[in-house]
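Trainee: Encoded as structure tokens, here's the structure I'll be asking about.
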Amino acid sequence: MSYRNFPMVPRVVFGRGCFNQLNEIISPKRKSKNAPFIFIVDDVFRGNDGLINRIPLHHNDKIIYLSAAEEPKTIYVDKLGEEIKVEFDELPSGIIGIGGGTMLDYAKAVALILTNPGSSADYQGWDLVKNQGIYHVGIPTLSGTGAEVSRTTVLTGPERKLGMNSDYTPFDQVVLDPELTKDAPRNQWFYTGMDCYIHCIESLTGTYLNAFSQSYGEKALDLCREVYLEKETRDEDADDKLMMASWHGGMSIAYSQVGVAHAMSYGLSYLLGTKHGVGNCIVFDQLSEFYPEGVAEFKKMVEKHQIDIPKGICKNLSDKEFDIMIDVSLGLVPLWENALGKDWQKTITREKLRSLYQLM
Ligand code: ZN
């Protein structure tokens, strides 16, 4: 038995308004006047002076706005890497992602593709990245994905939806400023927070569970319950706690694995482009037989916050399309093994997955 020796984010700052320290945090990392900091920012913040004016731009630093409407794709990562190399004489001093999980994943992937040859699709998998990336910083404006702490950057490529999992992937610096999450629309706040809740349930009920994952997972689960069930309103304290729930949930799955909801949600996302948070909610809603208590509690949270979980998204799919989703899902072997043990293939057949997808 060999245990994974995994890297953690070496530097993190937490607190309301700590975004204002960004200049002093990154300045020492500037390599030269010609080596810019590139800020990858969710385009919902375009024109939001309260945030954009506080981004510390000097010399040839640049903001690149990207849409989070779709999950991150290898072709966009490759294109961004090319454009940055063409525009600047020197490699950037740093890549800073500001946004939800999509922007954080783009920042990680671009930092890696700038120093590794070929396409990001070549590095989808485990430990395929050869060279250290550019210094990269993650600044979440939505809480729940755990992307700020994870060792992966999940990308949809020509052949698969799979992360670039490597020791070089985690951020060098994370800035956790809960104030940045306060304007997240209610549905987004819910779907993304439920990603964290589902990380906890999948980790805590999985066969890969160990004391390391359990300690983080239990704390994250308590925080999710406080935010989504016990509190009357979404206040500053709730935003602070959800940000730490996301961090702990990410730490929990870092040393265990996710499960059935993620395995099936990747299929939806690959075929239909369903965003990760809402996709997990659509799937989890139908998983009572695997996670009876978790799903019952999830339904209470949906009810309390009066959230609509989209229905009928698989209703007009062809046999071929179901097969594509089933192939993607069945390919995620460690997730199934964590959820159901070594003999998972006895219960999880193509017919079983199809019958579950048909409910969604
Ligand atoms: Zn997730």
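The values are calculated or read from the model by the stated rules, or taken from the named source; none is laboratory data. A quick note: this is a predicted structure, and the numbers were derived from the prediction, not measured. Here Cβ is always computed from backbone atoms with ideal geometry, including for glycine, and neighbour counts include all displayed protein chains. When the accessible area is computed, the model is the full protein with side chains, heavy atoms only, and any ligands, DNA or RNA have been set aside. Shrake-Rupley method; radii C 1.70, N 1.55, O 1.52, S 1.80 Å.
Trainee: Helix 74-87: angle to the longest alpha-carbon principal axis of the chain, degrees 0 to 90, nearest 10?
Mentor: Roughly 0 degrees, rounded to the nearest 10.
Trainee: For residue 79, list the aspartates and glutamates whose Cα falls under 18 Å from its own Cα; do not include residues on the same chain fewer than 8 positions away.
Mentor: Candidates past the 8-residue exclusion: 42, 43, 70, 71, 87, 89, 90, 105, 122, 159.
Trainee: Work out how much length residue 49 to residue 69 would gain on full extension: take 0.36 nm times their residue separation and subtract the Cα-Cα distance, in nm to one decimal.
Mentor: On the way: separation 20, 0.36 × 20 = 7.20 nm, distance 2.16 nm.
Stretched out fully, the residue 49 to residue 69 stretch lengthens by 5.0 nm.
Trainee: Let me ask something else about it. Highest mean first, how do 325-338, 19-32, 38-51, 100-113 rank when packing is the count of other Cβ atoms within 10 Å averaged over residues? Present the calculation step by step, with values, prior to reporting the outcome.
Mentor: Working: 325-338: 19.6, 19-32: 14.4, 38-51: 17.3, 100-113: 28.6.
With the highest mean Cβ count within 10 Å placed first, the list reads 100-113, 325-338, 38-51, 19-32.
Trainee: If you keep only loop residues by DSSP, which GluC sites (Glu not before Pro) in region 243-314 have at most 11 other Cβ atoms within 10 Å of their Cβ? The partial results should precede the final answer.
Mentor: Numbers: sites: 289, 293, 297, 303; in loops: 289.
Of the GluC sites (Glu not before Pro), the ones in loops of region 243-314 whose Cβ has at most 11 other Cβ atoms within 10 Å are 289.
Trainee: Quote the charge dipole size of region 186-358 about the Cα centre in Debye, to the nearest 20; the model charges only the Cβ of Lys and Arg (+1) and of Asp and Glu (-1). Show your work: numbers first, answer last.
Mentor: Numbers: 18 positive and 25 negative charges, 100 e Å.
The dipole of region 186-358 has a size of about 480 debye.
Trainee: Between residue 131 and residue 115, what is the label-to-label distance in nm when each label sits 7 Å out along the Cα-to-Cβ direction?
Mentor: Roughly 0.9 nm, to one decimal.
Trainee: Can you check what the net charge comes to around residue 219, using other residues whose Cβ is under 12 Å from the Cβ of residue 219 (Lys, Arg +1; Asp, Glu -1)? Write out the running numbers ahead of the final one.
Mentor: Numbers: positive: 225, 241; negative: 218, 222, 226.
In short, -1.
Trainee: While we're looking at this one, here's another question. More than 11 Å apart: what percent of Cα pairs in region 33-77 qualify?
Mentor: Numbers: 706 of 990 pairs.
Every Cα pair in region 33-77 considered, those over 11 Å come to 71 percent.
Trainee: Ok, one more. Nearest-5 percent of antiparallel DSSP beta bridges in the chain?
Mentor: On the way: 3 of 27 bridges.
If I count the DSSP bridges inside the chain, around 10 percent turn out antiparallel.
Trainee: Something else: So what is the accessible area of region 11-181 per residue, in Å², with the probe set to 1.4 Å?
Mentor: Details: 6780 Å² over 171 residues.
Value for region 11-181: 40 Å² per residue.
Trainee: A follow-up question, please. Give me the lysines in straight-line cross-link reach of residue 33: C-alpha distance below 20 Å, same-chain residues under 8 apart excluded.
Mentor: 62, 85
Trainee: Please report Rg (one decimal) and Dmax (integer) in Å for the Cα set of region 1-59.
Mentor: Cα radius of gyration and Dmax of region 1-59 are 15.9, 53 Å respectively.
Trainee: Continuing with this model, one more query. Treating the angle as unsigned and between 0 and 90°, give the value, to the nearest 10°, between the Cα long axis of helix 101-113 and the longest Cα principal axis of the chain.
Mentor: Between the helix axis and the principal axis of the chain, the angle is about 60 degrees.
Trainee: Go ahead and estimate [θ] at 222 nm for the chain from helices alone: -39,500 (n - 2.57) per DSSP H run with n ≥ 4, summed, over the residue count, rounded to 500. Mind dumping the intermediate values first?
Mentor: Details: 13 runs with 152 residues, N = 360.
About -13000 deg cm²/dmol.
Trainee: Sticking with this structure for a sec: On full extension of the chain, what length is gained from residue 354 through residue 222, given 0.36 nm per residue of separation minus the C-alpha to C-alpha distance? Before the final figure, lay out the partial values.
Mentor: Working: separation 132, 0.36 × 132 = 47.52 nm, distance 3.35 nm.
Residue separation times 0.36 nm, minus the Cα-Cα distance, leaves 44.2 nm.
Trainee: Just how far, in whole angstrom, is region 51-98 from region 314-360 if you go by their alpha carbon centroids?
Mentor: Measuring centre to centre over Cα atoms gives 36 Å.
Trainee: Which order do peptides 2-12, 235-245 fall in by mean Cβ count within 10 Å, highest first? Don't skip to the answer; put the middle values down first.
Mentor: Values: 2-12: 10.4, 235-245: 19.4.
Listed from highest to lowest mean packing, they are 235-245, 2-12.
Trainee: Still on this structure, please answer the following. Cut-off under 22 Å on the C-alpha distance; same-chain residues fewer than 8 positions from residue 231 excluded. Which lysines are left, in chain and number order?
Mentor: Hits, sequence-local ones excluded: 182, 219, 241, 299, 300, 304.
Trainee: Against the 2.2 N^0.38 Å scaling, with N counting residues, where does region 11-181 land? I'd like the Cα-based Rg ratio to two decimal places. Provide the component values of the computation, followed by the final result.
Mentor: On the way: Rg = 14.7 Å, N = 171, 2.2 N^0.38 = 15.5 Å.
Compared with the compact-globule rule of thumb, region 11-181 sits at 0.95.
Trainee: Where the accessible area of the chain is counted over protein heavy atoms with a 1.4 Å probe, how much of it, in %, is carbon and sulfur? Let's see the in-between values first.
Mentor: Details: 7640 of 15550 Å².
Here it works out to 49 percent.
Trainee: If you average over every viewing direction, what projected area does the convex hull of the Cα atoms of the chain give, in nm²? Working shown, then result.
Mentor: Details: hull surface 69.7 nm².
For the chain, averaging the hull's shadow over all directions gives 17.4 nm².
Trainee: Would region 186-358 count as rounded, prolate or oblate if I go by the C-alpha gyration tensor, calling it rounded below 1.5 in a/c and otherwise prolate when a/b exceeds b/c, oblate otherwise? Don't jump to the answer; show the numbers that get you there.
Mentor: Values: a/c = 2.16, a/b = 1.34, b/c = 1.61.
Oblate is the answer for region 186-358, as a/c is 1.5 or above yet b/c matches or exceeds a/b.
Trainee: A follow-up question, please. Cβ neighbours within 10 Å, averaged per peptide: list 77-84, 265-272, 253-260 in order, most packed at the top. It would help to have the intermediate numbers written out before the result.
Mentor: Details: 77-84: 17.9, 265-272: 23.5, 253-260: 25.2.
Ranked from most to least packed, the peptides come out as 253-260, 265-272, 77-84.
Trainee: Moving on to the next point. Anyone know which of 207, 145, 192 comes out most mobile in the 10 Å Cα GNM of the chain?
Mentor: 207
Trainee: What accessible area per residue comes out for region 186-358, rounded to a whole number of Å², with a 1.4 Å probe? Could you put the intermediate results ahead of the total?
Mentor: Values: 7320 Å² over 173 residues.
For region 186-358, the solvent-accessible area averages 42 Å² per residue.
Trainee: Shape verdict for region 19-117, please, from the Cα gyration tensor: rounded (a/c under 1.5), prolate (a/b greater than b/c) or oblate. Write out the running numbers ahead of the final one.
Mentor: On the way: a/c = 1.78, a/b = 1.04, b/c = 1.72.
Note, shape of region 19-117 comes out oblate.
Trainee: Quick check: residue separation of residue 23 and residue 347 times 0.36 nm, minus the Cα distance between them. What number comes out in nm? Let's see the in-between values first.
Mentor: Numbers: separation 324, 0.36 × 324 = 116.64 nm, distance 5.32 nm.
Stretched fully, the residue 23-residue 347 segment lengthens by 111.3 nm.
Trainee: Can I ask one more? Based on the alpha-carbon gyration tensor of region 250-303 and its eigenvalue square roots a ≥ b ≥ c, which shape applies: rounded if a/c is under 1.5, prolate if not and a/b is larger than b/c, or oblate? Don't jump to the answer; show the numbers that get you there.
Mentor: Details: a/c = 1.74, a/b = 1.12, b/c = 1.56.
Taking the square roots of the gyration eigenvalues as a ≥ b ≥ c, region 250-303 is oblate.
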